[in-house]
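Taking it in order: structure first as structure tokens, then the write-up.
What follows draws every value from the coordinates through simple rules; no lab data is involved. Everything quoted here is computed from the prediction, not taken from an experiment. Virtual Cβ from ideal backbone geometry, glycine too; neighbours counted across all protein chains shown.
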């Protein structure tokens with residue numbers, strides 16, 4: 001221990017490393033090491049990322065200096081920067097030198113390492129933060145930017161992570177789609193120059209590109225072979241992944257909030273904290289990477305990931321907007337007949353001046369519609385309880401119809417451009433969550449409903465529109481803050497809700513899979529993967545999600561979509577959190593008996609699916625079939641799903 005790359009002092013579980021040349025900082029999990037060095041120029045370099053290395057802290061000899069860990073703009077960096085700052089005097093450059101590092105042990109599984117960097121000429125500090133989950137082999141990285149200049153500085157790029165790789169070839173798997181065709185996988189070889197995957201949609205930001213990727217090194221990775229990382233950004237708004245190969249065939253991967261139209265004026269003494277980039281390294285193929293993320297997600301990434309989930313019957317495809325109390329009471333009886341836990345009332349239950357009888361009116365007016373529900377939500381909660389089932393309800397609190405009382409009373413609460421016509425998506429506009437009054441309005445909606453009706457057991461939180469009219473009256477001359485502050489304001493509201501209602505189950509929905517990420521899932525127990533419930537198409541959609549998200553978080557409903565038999569539809573829905581959205585009274589006696597037995601069977605096997613290890617055996621992208629298996633931790637039970645898919649076309 002005499003010849004260490006850095007001197008360390010262990011006090012109360014915190015390891016400190018002071019600034020000195022050739023210091024080495026090792027961030028490790030059970031099977032992975034990420035190692036940084038401090039060079040002779042006092043800059044921080046990434047020296048290694050890969051399989052666990054033998055040796056104690058500081059004793060590992062890594063040849064070469066490596067790559068600059070968090071590249072800046074304006075000095076000698078010739079490629080894409082992780083950070084770009086303009087100072088009070090107009091100087092557009094930033095230089096970051098190593099100051100110190102410390103590692104604190106949170107518990108037997110989690111350690112957090114903070115590496116402080118500072119500009120030698122300007123009072124600007126950047127702290128790189130790494131949380132290592134030892135048993136899950138997952139690393140989480142985020143950045144904190146702080147300055148003490150006299151006036152605000154402009155931060156134009158602010159990545160959560162910059163990772164470096166040196167390989168012969170690089171193969172990128174990305175996930176893209178649209179409404180009803182989410183999470184389509186596409187793999188391609190990266191070539192010299194830059195490839196960018198990003199979103200500029202503001203809200204419902206993931207509808208076209210999803211903030212996840214897999215990157216294989218040297219050769220394509222299979223399920224069980226190959227070296228790769230799987231990464232995802234915990235952020236519910238505009239994101240950007242930059243993959244840049246330089247003239248030496250080295251690859252830098254920059255992940256974070258999309259800086260497009262989002263220059264941030266940072267006040268002195270106020271920290272800008274980026275969202276987390278979450279990633280895992282695997283040298284045993286994509287399957288192991290997915291299982292690492294699933295294990296992490298259940299324990300750390302999703303609200304109450306280790307708790308049971310509610311099965312449900314949703315009324316949407318049975319009634320759409322056309323229902324009354326008598327019809328809903330009948331559906332509650334159907335819920336009990338099926339044997340599921342809860343009845344979920346979907347869209348259409350609210351608004352009076354502009355009744356919510358379609359998607360063109362009423363959104364934002366969260367009072368019970370008197371014509372449909374003369375006795376209110378409280379009566380429905382009591383009816384559900386009397387029937388022996390729980391009651392859940394749909395809301396879309398971030399949006400507003402122009403045809404609504406809310407829009408008439410508070411036009412200043414709506415994101416819309418001055419001197420321009422309004423552009424609608426699904427007849428909606430987006431509320432300005434950067435405005436604290438709007439935040440209070442949304443929180444009060446949820447809190448009032450739960451205070452008045454404490455029997456509400458579940459919320460389905462929807463978000464159907466992008467930001468198509470990106471201007472905030474509240475932000476005034478800080479319009480470039482909108483896309484960042486909208487998401488941070490959403491999280492503020494959700495923080496308040498979770499402070500008072502920490503374990504209330506909530507589904508994250510966004511017109512399907514338009515908002516699926518670990519930034520939001522820390523507030524939600526599950527997510528709605530797609531409005532497309534055709535079971536053949538769902539095999540592909542759920543296959544894509546399974547690369548990053550555990551089965552317990554994925555809501556799959558049996559509906560009337562598709563031409564496949566009821567058993568096929570049921571089996572596909574069982575590969576996650578099963579639910580129903582069907583006309584129960586339209587089932588034959590045999591179909592009803594099958595469904596009741598299926599619910600019982602699902603309740604018997606669901607723990608293996610929710611908490612078991614997933615093995616994807618045959619990909620639908622390789623053959624006209626899909627085979628996958630869930631295995632419990634003791635390997636005493638397994639559930640195998642096998643589907644023939646050659647009827648997808650024709």
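Here the extension length gained between residue 503 and residue 180 equals 113.3 nm, from 0.36 nm per residue of separation less the Cα-Cα distance. Its residue count N sets the reference 2.2 N^0.38 Å, and the alpha-carbon radius of gyration of segment 250-298 equals 1.69 times that reference. Beta bridges assigned by DSSP with both partners in the chain are antiparallel in approximately 80 percent of cases. Zone of residue 224 (label point 7 Å along Cα→Cβ, backbone N under 18 Å): which residues in segment 615-631? Within reach of a label on residue 224, which here means backbone N under 18 Å from a point 7 Å along Cα→Cβ, segment 615-631 contributes 615-623, 626-631. Dividing the convex hull volume of the alpha carbon atoms of segment 203-261 by its residue count gives 110 Å³ per residue. Spin-label model, residue 106/residue 634: points 7 Å from Cα along the beta carbon direction are separated by 3.0 nm. Taking label positions 7 Å along the Cα-Cβ direction at both residue 114 and residue 304, the computed distance is 3.3 nm, reported to one decimal. Our estimate of slack between residue 646 and residue 54, defined as 0.36 nm per intervening residue step minus the Cα-Cα distance, is 208.3 nm.
In the chain, the alpha-carbon atoms span a convex hull of 166 Å³ per residue.
For the chain, the longest principal axis of the Cα atoms and the long axis of helix 589-611 meet at an angle of about 20 degrees. Take every Cα pair under 8 Å whose residues are at least 6 apart in sequence, average their separation, divide by the length of the chain, and the relative contact order is 11 percent.
Over segment 319-504, what is the mean sequence separation of C-alpha contacts under 8 Å (at least six apart), divided by residue count, expressed as relative contact order in percent? The value is 21 percent. Ellipticity at 222 nm from helices only: DSSP H runs of n ≥ 4 in the chain, each -39500 (n - 2.57), divided by the residue count, give -6000 deg cm²/dmol. Helix 482-500 axis versus longest C-alpha principal axis of the chain: approximately 60°, rounded to the nearest ten. Of 349, 235, the sequence from fewest to most neighbouring Cβ atoms within 10 angstrom is 349, 235. Residues 594, 241, ranked from the fewest to the most other C-beta atoms within 10 Å, line up as 594, 241. Computed extension length for residue 246-residue 622: 132.1 nm, one decimal, from 0.36 nm per residue of separation with the Cα-Cα distance subtracted. From the alpha carbon centroid of segment 142-219 to that of segment 330-399 is 39 Å. Here each label is just a point 7 Å from Cα along the line to Cβ, and for residue 273 and residue 590 those points are 5.9 nm apart.
Compared with the dominant principal axis of the Cα atoms in the chain, helix 285-296 is inclined by about 70°.
Counted by neighbouring Cβ atoms within 10 Å, the residues 571, 246 run from fewest to most as 246, 571.
Projected onto planes of every orientation and averaged, the convex hull of the alpha-carbon atoms in segment 319-504 covers 10.7 nm².
Pairs of alpha-carbon atoms within less than 8 angstrom and 6+ residues apart define the contacts here; what relative contact order does segment 293-387 have, in percent? RCO, segment 293-387: 25 percent.
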